[in-house]
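Below you'll find the structure, written out as structure tokens, and then a few comments.
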Amino acid sequence: MSSQTNGRYQGRFTARKQQSARRITGGVLALVILLLSVTRLGSEALKLLAYADIFIGGGRMLVYGNVENVDMGESLNGKTKSLPIFDSVPEDAPEDYILRLNDGTTLVYQGHTYELNRDLTTILFMGIDHTVQDTNLVGRGGQSDTMVLVGLDTKTGKTTLLNITRDAYAQVDVYSVSNVFLETRNEQITLAYAYGDGRHGSCENAMRSVSRLLFGLPISSYLALDMDGIVAANEAVGGVKLNVLTDIDFPDGTHANQGDLVELHGKNLDRYLRTRGGGLESNVKRMERHKQYLTAFASLVISRSKDNITFPVDLFSALAPYMVTNLEIPDVTFLSSTFLSHGADFSFRDIDGSYDLLNGSSVCYLDEVDLFEAVLQMFYIRVD
């Protein structure tokens, strides 16, 4: 990306460096963990092994422990805030407002105090449509048709998946073909990926837009997977069975009525996930199918991981040709073992919004109150 100075977001996505001394102690720790594993201490041994892997492999600790400032920035829709933000209690306080304390790591809202959850890590997952990719044109690096922010509490294992519609109206940085910053526009958030190189630059730009959308909250990592990768992941778990949410004609010539149980593979999976239809809110129905598929797919991954603790890493490695990510194998080891050792439960969080037509395209104006309350639920802990 360009070296454009944007102080509000500078350094937000930089992970802490590991000290070389940790590698020395890592060998001893690994030996201890190996002995513990042999004695079948189960999930706790697996969790310790993950930490050993991080010490030895130099993997990045992804939690929020080093976050010192949460810059809540401008309105998510480029409009006047419906939830005003103050750094001290106003004399004539409106009915609902946000009180920002300790550089945003403490918030007061509706009479309750919330502290930033420093045990949290977040990963922005993106499903990329490269059919529009043309890196010789501005805004043609592919689009993120699926955007899900995964929030994992590394202490409790609580995991929330925040659905972000591709049509969300948001602040997007626009770059030239040569990666020179041009301007910041308000438009569909899916275009943040498009205004990039189709790889790490696109991911970082999408991450900036999502961070802005979420009142300046930092995002630890990203993982972008194209449709070929999604098909490959699907085959790695043997295909996903689900009851289709809509009548659909599949490319293999079969037809399914709403509610029919089907097993998805290849182009049939592609059709089920990509079909959008018409109307302003057509992407809402597609997001429901995405959520349904991700839930079924995750359940299969969890089941296979319980039988084979290396399955998440094996899957991650197998998908390498299809993805762009700043995660490393030690990170995946740590995250998957943490998730599995706490019961492997997760839930989805959707955001209310209203749709309209803007310049011929459907846009969704997210409900600011609902979005902020989602931020509190995912990123903060109520302390009173």
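Please state the relative contact order of segment 120-365 as a whole percent: Cα pairs under 8 Å, 6+ residues apart? Rounded, it is 22 percent for segment 120-365.
Each Lys or Arg adds one and each Asp or Glu subtracts one; over the other residues with Cβ under 14 Å from the Cβ of residue 382, this totals -3. From the residues 149, 209, 346, which one has its Cα farthest along the dipole of segment 120-365 in the positive direction, the dipole being from +1 and -1 charges on Cβ of Lys/Arg and Asp/Glu about the Cα centre? Value computed over the given set: 346. Using the Karplus relation 6.51 cos²θ - 1.76 cosθ + 1.60 with θ = phi - 60°, the per-residue 3J(HN,Hα) values for segment 270-275 come to 4, 4, 5, 7, 8, 3 Hz, with x marking Gly and Pro. FRET efficiency for the pair residue 186 and residue 370, taken as 1/(1 + (r/R0)^6) with r the Cβ-Cβ distance and R0 = 22 Å, rounds to 0.70.
In this simple spin-label approximation, residue 86 and residue 102 carry label points 7 Å from Cα along the Cα→Cβ vector, and these lie 2.1 nm apart. Assuming charge only on the beta carbon of Lys and Arg (+1) and of Asp and Glu (-1), the dipole of segment 158-234 about its Cα centre is about 280 debye to the nearest 20. Among the chymotrypsin sites (Phe, Trp or Tyr not before Pro) in segment 294-340, none is located in a DSSP loop while being surrounded by at most 16 other Cβ atoms within 10 Å of its own Cβ. The local environment of residue 257, defined by Cβ-Cβ distances under 12 Å, has a net charge of -3 under the rule Lys, Arg +1 and Asp, Glu -1. What shape does segment 219-268 take by its C-alpha gyration tensor, where a ≥ b ≥ c are the square roots of the eigenvalues and a/c under 1.5 counts as rounded, a/b above b/c as prolate, and the rest as oblate? Because a/c hits 1.5 or more and a/b exceeds b/c, segment 219-268 counts as prolate. Listed cross-link partners 155/285; 241/291; 285/306; 158/267; 155/306 are compared with a 24 Å cut-off, the Cα-Cα value being larger for 155/285; 285/306; 158/267. Across segment 357-373, coupling constants 3J(HN,Hα) worked out from phi with the 6.51/-1.76/1.60 Karplus curve, θ = phi - 60°, read 9, 10, 6, x, 10, 7, 10, 10, 8, 5, 6, 5, 5, 4, 5, 5, 5 Hz, and Gly and Pro carry x. In order along segment 103-113, phi translates into HN-Hα couplings of 6, x, 7, 10, 10, 10, 8, 6, x, 10, 10 Hz, rounded to whole numbers, per the Karplus curve 6.51 cos²θ - 1.76 cosθ + 1.60 with θ = phi - 60° and x for Gly and Pro. Annotation: the residues 200, 290, 112, sorted from fewest to most other C-beta atoms within 10 Å of their own C-beta, follow the order 112, 200, 290.
Since every read-out is calculated from the coordinates, none of them should be taken as a lab result. Given the structure is predicted, the values throughout are model-derived calculations rather than measurements. Neighbour counts are summed over all protein chains in view; Cβ atoms, including those assigned to glycine, are modelled from backbone coordinates with ideal geometry.
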